[in-house]
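Data block below; observations after.
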Amino acid sequence: MTVLILGAGGQVGSALRWRALARGASTVGLAHNDLDIADREIVRAVIDEVRPTTVINCAGYTDVDGAETDETGAERVNRDGAGHVAAACAPLGVPLIHLSTDYVFDGARPTAWREDDPVSPVGVYARTKEAGERAVRDAWGKHVILRTAWVFGGIGRNFVKTMRRLADQGQTTIRVVDDQRGGPTPAESIADACLDIAERCGSADIVPWGTYHFCGAPSVTWREFAEAVLADRPEVTVTPCASDEFDRPAPRPANSVLDCTRIRAAFGVEQPDWRPYLKRLLGDLGEATEEAS
Ligand SMILES: NC(=O)c1ccc[n+]([C@@H]2O[C@H](COP(=O)([O-])OP(=O)(O)OC[C@H]3O[C@@H](n4cnc5c(N)ncnc54)[C@H](OP(=O)(O)O)[C@@H]3O)[C@@H](O)[C@H]2O)c1
């Protein structure tokens, strides 16, 4: 099995590389500098040359606020790039695992979202990701679209690292929104879920292609998540506030909790408890700070 990882320099892409190594899976990882997924011809040529058993597309335009003033840039990657990858996989018969987002839902419902709930993306990033899902479905049937949420890990930028940085800089009060709920998801657990699915794609089993949800449990608000991230920093007070108190360019769904029953039934992939992953990450970040000082 050779898995081709696109967007291999990002949070999920990096986690995929090291989880694959740990599991003894062979991979080719291409970061943005190596391959621009918006370049249709290059995408086709690279996938044709590598001839992987599965492609995992983690590449994305993920600057949610930046996308509001760069719709063309976000479309180019999230919609067109996704379509190019799927179109390149199709003639070679290569299965595609494509990452998508909880933001395809508007969040205006209190219960967890299921895969067959109608999508209603709000904001440019969300709309381009949803358009990317359609581009994948239109181009190639052998796909697994994995919608995930609130990703955190050791590589790249994320909420956990931002909270720790603010605390390290001496901030003693941090205001965090308390009216958005979701499932924090370790990048590492997404990587393992993708590799479990990739193994199935490479087997003789019938694969239940389609769209799946995968996020961490228990669900929390950003304020609750911040409190978990800063539990060992009693000098920092996390103050709850409402989304409309923050002047952010892109709207965010109030409830983006994903129902993850389908992926367990189809692939035996369990919803991860994010808390032990967070504990380990905080330990790693602490060690890195000590080494640097
Ligand atoms: N982060 C989250 O909370 C979250 C939540 C739900 C879903 N997702 C989805 O999960 C996937 C992975 O997210 P992530 O957190 O790993 O994001 P990330 O850390 O921002 O990684 C995305 C990677 O894609 C690369 N990229 C951007 N444009 C590209 C292009 N045209 N061609 C090739 N690579 C390109 C980026 O490289 P540069 O940085 O060099 O541009 C970056 O390394 C994305 O599809 C995202 O939409 C993420």
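The values are calculated or read from the model by the stated rules, or taken from the named source; none is laboratory data. Fair warning: this is a prediction, and the values are worked out from it, not measured in the lab. Heads up, the Cβs are rebuilt from the backbone with ideal geometry, glycines too, and the neighbour counts pull from every protein chain shown. Note: accessible area is taken over every heavy atom of the protein model, side chains too, but ligands, DNA and RNA are not part of it. Shrake-Rupley method; radii C 1.70, N 1.55, O 1.52, S 1.80 Å.
Structural remarks
- Some residue of region 58-81 being open to solvent by less than 30 Å² (accessible area, probe 1.4 Å), among the aliphatic types (A, V, I, L, M), touching a strand residue (DSSP E or B) at 6+ places or on another chain (Cβ under 7 Å) and more than 8 Å from the ligand (Cβ to nearest atom): no
- The residues of region 188-207 that are within 16 Å of the ligand (Cβ to nearest atom) and farther than 15 Å from residue 102 by Cα, listed by number, are 188, 189, 191, 192, 193, 194, 195, 197, 198.
- Residue that is nearest to residue 94 (Cα to Cα), among those in region 21-52 that are open to solvent by less than 60 Å² (accessible area, probe 1.4 Å) and among the β-branched types (Val, Ile, Thr): 47
- Residue match in region 67-87 (condition: within 22 Å of residue 255 (Cβ to Cβ) and at pLDDT 95 or above): yes
- Residue count, region 33-57 (criterion: outside any loop (DSSP other than H, G, I, E, B), more than 8 Å from the ligand (Cβ to nearest atom) and of a type in the set (S, T, N, Q)): 1
- Selection of region 181-201 for residues being more than 13 Å from the chain's Cα centre (by Cα), within 18 Å of residue 17 (Cβ to Cβ) and not hydrophobic (A, V, I, L, M, F, W, C) yields 196, 199.
- Considering region 146-198, the residues that are polar (S, T, N, Q) and part of a helix (DSSP H, G or I) include one that is surrounded by the fewest Cβ atoms within 10 Å (Cβ to Cβ), namely 162.
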